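This report concerns only the one structure given below.
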Amino acid sequence: MDQMKRFAIYYVPEPGAFADAAASWLGWDLALGAPVPQPMPDLPRPLADITAEPRKYGFHATLKPPFRLADGVSPADLTWATARLATSLAPLELPGLQMVNLEGFLALTPAGDTSALQNLAAEVVRTLDPHRATLTSAETARRRPERLTPRQRDLLSIYGYPYVMDQFQFHLTLSGPLDEGETAVTKAAANHFAGLIPQPFHIREICLCGEDATGRFHLLHRYALSA
């Protein structure tokens, strides 16, 4: 853990067929911390190109976005705080996941009422934020604050990321930006995940993940939600 340059709190699927299919689709297994072979569907461009952007993060849904540790905070401190937080959060059940085009990229999003999930994500962000280092000027600039809404700029200033709290949308990314008309990607993904997408969809854990020196993310610890 000491070698990780940033940390994040993610939802990562529990081990099983869905997690294996997702790792294969992206070409990176978070739990193994290693590349895995991808399928080769008939697409206008290679799947490796289509999934290049999300591959380094692995298949996940962000709860607390990647952050550097604040001065004086150790990885052990973050581990302890995350473990303690998990004991205060209850598991969730939603009707299922649905495959959608989300502002130009392919993703899985939850169906049904997501208010409890919104609250869980907000609590993760709020509770662990004291462990986060303040953004540098360069990090703030990379978020292109001039393109954000006033509310998103406020959240960027407070929490280091603009898409948290009421601006949060839980999603599991399956592609980078898609060209207009790349409907074959959705069809290929639907075939790849046929019968494997959870219905209903459970969140029983939060996961501490870390970014290595090459920019790849690894699953470090799973924490059961036990409230």
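A short reminder: the numbers here are calculations on the coordinates, not readings from a lab. As the structure is a prediction and not an experimental result, all values here were calculated from the model. Backbone-built Cβ (ideal geometry, glycine too); neighbour counts: all protein chains shown.
A few remarks follow.
- In order through the range 30-46: 3J(HN,Hα) via Karplus (6.51 cos²θ - 1.76 cosθ + 1.60), integer Hz, x for Gly, Pro: 4, 5, 7, x, 8, x, 9, x, 9, x, 10, x, 7, 10, x, 9, x
- Spin-label zone in the range 183-208 - amide nitrogen under 17 Å from a point set 7 Å from the Cα of MET99 along the C-beta vector: 183-199
- Relative contact order of the chain, pairs being alpha-carbon contacts under 8 Å that are 6 or more residues apart, as %: 35 percent
- Between ALA52 and ASP2, the C-beta separation translates, for a Förster distance of 25 Å, into a calculated FRET efficiency of about 0.30.
- Set of lysines near LYS5 by C-alpha distance (under 17 Å), chain-local residues within fewer than 8 positions excluded: LYS56, LYS64
- Residue (of ILE50, ALA19, TYR163) at the positive-pole extreme of the chain, dipole from beta-carbon charges: TYR163
- For the range 75-180, GluC sites (Glu not before Pro) meeting the loop criterion (DSSP other than H, G, I, E, B) and having at most 14 other Cβ atoms within 10 Å: GLU103, GLU180.
- Residues in the range 95-120 that a label on THR183 would reach, taking backbone N under 19 Å of a point 7 Å out along Cα→Cβ: 99-107
- Using a Förster distance of 35 Å, the FRET efficiency for SER24-ARG142 (Cβ separation, nearest 0.05): 0.70
- Amide N of the range 1-33 lying under 15 Å from the label point, which is placed 7 angstrom from the Cα of HIS221 along Cα→Cβ: 1-4, 7-10
- As computed over the range 150-219, the Cα convex hull volume per residue (Å³): 189 Å³
- By the combined test of axial Cα extent (at least 15 Å) and Kyte-Doolittle hydropathy (mean at least -0.5), the qualifying DSSP H helices of the chain come to 75-86, 115-128.
- Distance between the C-alpha centres of the range 87-106 and the range 157-227: 8 Å, rounded to the whole angstrom.
- Among PHE168, PHE67, PHE217, the largest mean-square fluctuation in a Gaussian network model of the chain (Cα springs under 10 Å) belongs to PHE168.
- Diffusion coefficient of the chain by Stokes-Einstein, Kirkwood radius over Cα pairs, 4 °C, 1.567 mPa s: 71 µm²/s.
- Charge sum, other residues only, whose C-beta stays under 15 Å from ILE50's C-beta, Lys/Arg counted +1 and Asp/Glu -1: -2
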